[in-house]
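S.K.: The structure that follows is given in the form of structure tokens.
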Amino acid sequence: MNAISPDATDPAGPASPGRIVLLTTSHRVAPGLLSWPAWQALRGADQVLCADGAHPQLPYLREAGVTVDETSPDAQELVDACAGGRTVVVVALGEGEPRLTDGLARLAGSGRVQMPELELLPASYDLPGARLLDLVQVMDRIRVECPWSSRQTHEGLAKYGIEEAYELVEAIEEGDRDELREELGDVLLQVVFHSRIAEEGRPEDGSEPFSIDDVAGGIVAKLIHRHPHVFGDETATTPEEVKEHWLRTKAEEKRRTSVTEGIPLGQPGLALAAKLASRARTAGLDVELPRGEGVGYELLAVAARAEAEGVDPEAALRAAARAYRDAIRAREGSPALDG
């Protein structure tokens, strides 16, 4: 543990209070990737301090020739270390330096101490999407340490994926922004959870493992390929042209022998009927609806008509069902039911 002390022989003299630089870094950015102002501050400092000898930045700072003293001064000691115009850089811990900054604030508020200049210098910033790394790390720990999560399988979690998707749709239809944000997180959790399980592979059937990076890499490649008007030389100025590009590139990728391939038969019936009608219409296939007795054939005809008119039959039925629910609740609260 190295002590810190002011340089009494500094030509600037004791009247100069010096400078404190609190250097913050993000654990979501690779250690050593610091901003140029941060490197300037580190190289120009009279002393660099860090309370954590295991701080991930320290090996890279020392490799770059920056001497770091592993010490944790209190506010008064740090002010004293800056006497004579010295600059002291404090490499902050991951949770910041609340003890130190609170102490400096108290000293400044007392009015009895000539305070050094205090600068907060972010040395690295989170990029958009950086919190996704936190989610991956949390999920990894839960998978290892939680008795329930460690035993889950793709098959066991499947029902939750369906439930969370429906809850997301409900939040969208209700127009609840707070609920939307929460439900999006729940859906995202399903993706990360399944990806974490997939990292372990399935030795019993020879399945190769894959990770969340493989999942993300796959969808990135797919999006780029299906948007040649954005990432390539093709042009699209209308939504219809974009859809045409999408369908063409998708057909090239899948090489399907039928337009019905890839349509999940386990989805809700109205959605399934509308999807089949959409595929047939997009492919230019004039297929007469099958005729038969019963409500099923009637619903099939209604779903096909809704799709042709640009209406989502599932969403339309849910909206009507909500109106029916409200009518039931209103009737339940009617004075005619009292007693």
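Bear in mind that the values in this text are calculations on the coordinates, not laboratory data. Model, not experiment: these values are computed from the prediction. Every residue, glycine as well, gets a Cβ built from its backbone with ideal geometry; the counts of neighbours run over all protein chains shown.
S.K.: Can you tell me the Rg and the Dmax, both Å, for the Cα atoms in the range 266-312?
M.R.: 10.2, 28
S.K.: Now a separate question. At 25 °C and a viscosity of 0.890 mPa s, what translational diffusion coefficient does Stokes-Einstein give for the chain, taking Rh as the Kirkwood radius over Cα pairs? Give it in µm²/s as a whole number. Spell out each step's value before the answer.
M.R.: Numbers: Rh = 26.8 Å.
Value of D from the Cα-based Kirkwood radius: 91 µm²/s.
S.K.: In bins 5 Å wide, starting from 0, what share of all Cα pairs of the range 210-286 does each bin hold, as a percent?
M.R.: The distribution over the range 210-286 is 3, 13, 18, 18, 21, 17, 8, 2, 0, given as percents.
S.K.: From the phi of every residue in the range 110-122, what ³J(HN,Hα) in whole Hz does the Karplus formula 6.51 cos²θ - 1.76 cosθ + 1.60 yield, where θ is phi - 60° and glycine or proline is x?
M.R.: Computed from phi, the couplings for the range 110-122 are 5, x, 9, 10, 7, 7, x, 5, 10, 10, 9, 10, x Hz.
S.K.: Where the only charges are on Cβ atoms (+1 Lys, Arg; -1 Asp, Glu), what is the dipole of the chain about its Cα centre, to the nearest 20 debye? Don't skip to the end; give the middle numbers.
M.R.: On the way: 35 positive and 58 negative charges, 81 e Å.
Once rounded to the nearest 20, the dipole reads 380 debye.
S.K.: Related question: I need the peptides 290-296, 244-250 ranked by packing, meaning the mean over residues of other C-beta atoms within 10 angstrom, with the highest value on top. It would help to have the intermediate numbers written out before the result.
M.R.: Details: 290-296: 8.6, 244-250: 15.1.
My ranking of the peptides, most packed first, is 244-250, 290-296.
S.K.: Taking a ≥ b ≥ c as the square roots of the Cα gyration tensor eigenvalues, with a/c under 1.5 meaning rounded and otherwise prolate when a/b beats b/c, else oblate, which class fits the range 51-116? Don't skip to the end; give the middle numbers.
M.R.: Working: a/c = 3.25, a/b = 1.72, b/c = 1.89.
Since a/c reaches 1.5 but b/c is at least a/b, the shape of the range 51-116 is classed as oblate.
S.K.: Right, something else. Calculate, for D126 and L299, the FRET efficiency according to 1/(1 + (r/R0)^6) with r their C-beta to C-beta distance and R0 56 Å; round to the nearest 0.05. Mind dumping the intermediate values first?
M.R.: On the way: r = 49 Å, r/R0 = 0.88.
Taking R0 as 56 Å, the efficiency between D126 and L299 is 0.70.
S.K.: Now, a different point. Give me the extension gain from L289 to I219: residue separation times 0.36 nm, minus the current Cα-Cα distance, reported in nm with one decimal.
M.R.: Numbers: separation 70, 0.36 × 70 = 25.20 nm, distance 3.52 nm.
Between L289 and I219, full extension yields an extra 21.7 nm.
S.K.: At 7 Å along Cα-to-Cβ for each site, give me the label-to-label distance between Q40 and A323 in nm.
M.R.: Simple spin-label model gives 6.5 nm for this pair.
S.K.: What distance in nm separates the two pseudo spin-label positions at R151 and A308, each 7 Å out from Cα along the beta-carbon direction?
M.R.: The modelled label-to-label distance comes out at 5.3 nm.
S.K.: Using r as the Cβ-Cβ distance of E119 and E200, and R0 as 56 Å, what FRET efficiency do you calculate, to the nearest 0.05?
M.R.: Details: r = 47 Å, r/R0 = 0.84.
Taking R0 as 56 Å, the efficiency between E119 and E200 is 0.75.
S.K.: Sticking with this one: Starting from 0.36 nm per residue, how many nanometres of slack lie between I162 and A330 once their C-alpha separation is accounted for?
M.R.: Details: separation 168, 0.36 × 168 = 60.48 nm, distance 3.04 nm.
Going from the current span to full extension adds 57.4 nm.
S.K.: Another question, if that's okay. If you take the square roots of the eigenvalues of the alpha-carbon gyration tensor of the range 17-65 and sort them as a ≥ b ≥ c, do you get rounded (a/c under 1.5), prolate (a/b over b/c) or oblate? Display every interim value, and only then the final one.
M.R.: Values: a/c = 1.59, a/b = 1.45, b/c = 1.10.
Note, shape of the range 17-65 comes out prolate.
S.K.: Let me ask something else about it. Pop a pseudo-label 7 angstrom from the Cα along the beta-carbon direction at both D74 and E261 and give the gap in nm to one decimal.
M.R.: Spacing of the two 7 Å Cα→Cβ label points: 7.5 nm.
S.K.: Then there's this: Translational diffusion coefficient, Stokes-Einstein: compute it for the range 135-270 using the Kirkwood radius over C-alpha pairs as Rh, at 25 °C and 0.890 mPa s, and state it as an integer in µm² s⁻¹. Intermediate results must be reported in sequence, preceding the final value.
M.R.: Details: Rh = 18.0 Å.
For these conditions, the coefficient is 136 µm²/s.
S.K.: Pull up all non-local amide H partners of D69: gap of 5 or more, or a different chain, and H-to-H distance under 5 Å with H placed in the peptide plane.
M.R.: Counting only residues 5 or more places away or on other chains, the set is V48, L49, C50.
S.K.: Which distance in Å, rounded to a whole number, links the C-alpha centroids of the range 35-80 and the range 214-283?
M.R.: If you average the Cα positions of each part, the centres end up 53 Å apart.
S.K.: Looking at the square roots a ≥ b ≥ c of the eigenvalues of the Cα gyration tensor of the range 167-244, which shape do they give, rounded for a/c under 1.5, prolate if a/b is larger than b/c, or oblate? If you can, show how the numbers build up before the last one.
M.R.: On the way: a/c = 3.24, a/b = 1.17, b/c = 2.76.
It comes out oblate by the Cα gyration axes.
S.K.: Return the Rg/Rh ratio of the range 246-339 with Cα-based radii and a Kirkwood Rh. Mind showing how you got there, number by number?
M.R.: Values: Rg = 18.8 Å, Rh = 15.9 Å.
Answer for the range 246-339: 1.18.
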